[in-house]
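Worksheet: one structure, shown below.
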Amino acid sequence: EPIFEASFDHDGVVAQIDIFERGAEPRIVEVKASTRVAEHHLADCAIQAWILRESQIPLQRVVVANVDREFAYRGEGYDGLFKETDVTESVEQRLASLPDIVSQARATLAALDEPETPIGKQCLAPHECPFFAHCAPPQDEYPVTAIGGSKEKQFALMNAGFRDLRELPETELGNDVQRRIWRQTKAETPFIDEALRDAVRALPFPRYYLDFETIGFAVPIWRDTHPYEALPFQWSCHIEAEPGRGSGALRHAEFLDLSGSAPMRPAAEALLETLGAMGPVIVYTPYEAQVLKTLAARYADLAGPLDALRERLVDLHPWLKQHYYHPAMLGSWSIKAVLPTVAPDMRYDEALGEVQDGNAAQTAYLEAIAPDTSETRRAALDEA
């Protein structure tokens, strides 16, 4: 039978193999949550194969198993969830270089001093290095990274000794957005284009402010869904019926299904009922448009109204990117960066408790629909 997480040690080099299949054709299977084979997957496999070969353990094939986005769960069984790619030939080509790689790794570990390697794109690939902040040149109140643009250019500026974006000569700025960030940061004042006010004032009433929360299971749990498909389980909507009354003019509507049943259709139906047939639906970034598009593709009988709803979306993100900047945003137009500059009294960490962002919402949702979660805890998660 196969051994899962089989651990092998050759001369101090250790690997844990996801699946080691013995028998007539011994093979190792490296299982990945991603949907395609990446270069660093081949490096993982090569090290594992090298350790087995050096340990005189028979090995004929090396396989990477990735999640297949095209797999559709039909209510029972997961045959086809993974697609296998035979990478034996690619791994064989890398085996000759392994002794040198191991030798270099040993030399690095044996050295008393840290390697003197300037920060660069290697710090972010295939994943961000946890030592990046330790190795990067120190930065001041307005770091060079806030200028945006190419990471390689940012790294080059940091390695050149710049500690604050206000120190940068204008010749280092590549576009109008960078010049605006630089100019407003030096002036320590926000930029608010009159065109932004005009655009907002021109929006008719009623206005709907919409936000979705979704979850994408690697292993689908609801019939006819796919791995990593963004499935809405919650939406929140503030409704501003008329102008001139501030927060008092807002009415709140919401949908949240913690039953564990597929929530997509009830969410769509409740949304269509709440948002009616007229009025701008205001969002931040194109995510809500994509959720509505996938819902329309899933439910043909709701496609017409959902497509009509999508046509009413007004995305504030490009408006702010073009017409607004505050130095405290540090080069980011994410809603978490923008909000404190517009409404300093509103803070995610203070107002939202344990569910402060999409990742936390997914984690809370998974706990809430788990069969062994107590009703008291489920109610607390519902409220959060």
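The values are calculated or read from the model by the stated rules, or taken from the named source; none is laboratory data. From a predicted model like this one, the values you see are computed outputs, not experimental measurements. All Cβ positions, even for glycine, are placed from backbone atoms using ideal geometry, and neighbour counts span all protein chains on display. To get the accessible areas, we keep the full protein, side chains included, count just its heavy atoms, and leave off ligands, DNA and RNA. Shrake-Rupley method; radii C 1.70, N 1.55, O 1.52, S 1.80 Å.
With K and R counted +1 and D and E -1, the other residues having a Cβ less than 15 Å from that of T88 yield a net charge of -4. Count Lys and Arg as plus one, Asp and Glu as minus one, and take only other residues whose Cβ is under 12 Å from that of R183; the net charge is then +1.
Working note: Cα gyration tensor of the chain, eigenvalues times five, square-rooted, sorted largest first, giving semi-axes of 44, 34, 18 Å.
The aspartates and glutamates within cross-link reach of K153, meaning a Cα-to-Cα straight distance under 13 Å and a gap of 8 or more places when in the same chain, are E172. Once the C-beta distance of D198 and R251 is scaled by a Förster radius of 35 Å, the resulting FRET efficiency is 0.85 to the nearest 0.05. Once you order the gyration tensor axes a ≥ b ≥ c over the Cα atoms, which shape class does the range 19-109 get: rounded for a/c under 1.5, otherwise prolate or oblate by comparing a/b with b/c? Verdict is prolate for the range 19-109.
Computed about the Cα centre, the dipole magnitude for the range 225-292 is approximately 100 debye when only Lys and Arg (+1) and Asp and Glu (-1) carry charge, each at its Cβ. Here the mean projected area of the convex hull built on the C-alpha positions of the range 268-384 is 9.7 nm². Going by alpha carbons, how many degrees (0 to 90, nearest 10) lie between the helix axis of 176-187 and the longest principal axis of the chain? Value to nearest ten degrees: 70. For H127, the solvent-accessible surface with a 1.4 Å probe is about 130 Å², rounded to the nearest 10.
Rolling a 1.4 Å probe across the protein heavy atoms gives the range 204-339 an accessible surface of 46 Å² per residue.
Note on the chain: with neighbouring protein chains present and a 1.4 Å probe, carbon and sulfur make up 53 percent of its accessible heavy-atom surface. Would you mind checking the tilt of helix 98-110 against the longest principal axis of the Cα atoms of the chain, expressed as 0 to 90 degrees and rounded to 10? Tilt relative to the chain: about 70 degrees.
So what's the projected area for the range 222-312, the Cα convex hull averaged over all directions, in nm²? Dividing the Cα hull surface by four gives the mean projection, 6.7 nm².
Relative to the dominant Cα principal axis of the chain, helix 264-275 is inclined by about 20°. Shape summary of the range 77-197, radius of gyration then Dmax from alpha carbon positions: 22.1, 64 Å. Checking every one of the GluC sites (Glu not before Pro) in the range 45-77 against DSSP loop status and a limit of 10 other Cβ atoms within 10 Å picks out E70, E76.
Considering only S103, Q16, V144, whose Cα is most displaced toward the positive end of the charge dipole of the chain, charges sitting on Cβ of Lys, Arg (+1) and Asp, Glu (-1)? It is V144, whose Cα lies furthest towards the positive end. In the chain, helices alone account for a calculated mean residue ellipticity at 222 nm of -11000 deg cm²/dmol, with every DSSP H run of four or more residues adding -39,500 (n - 2.57).
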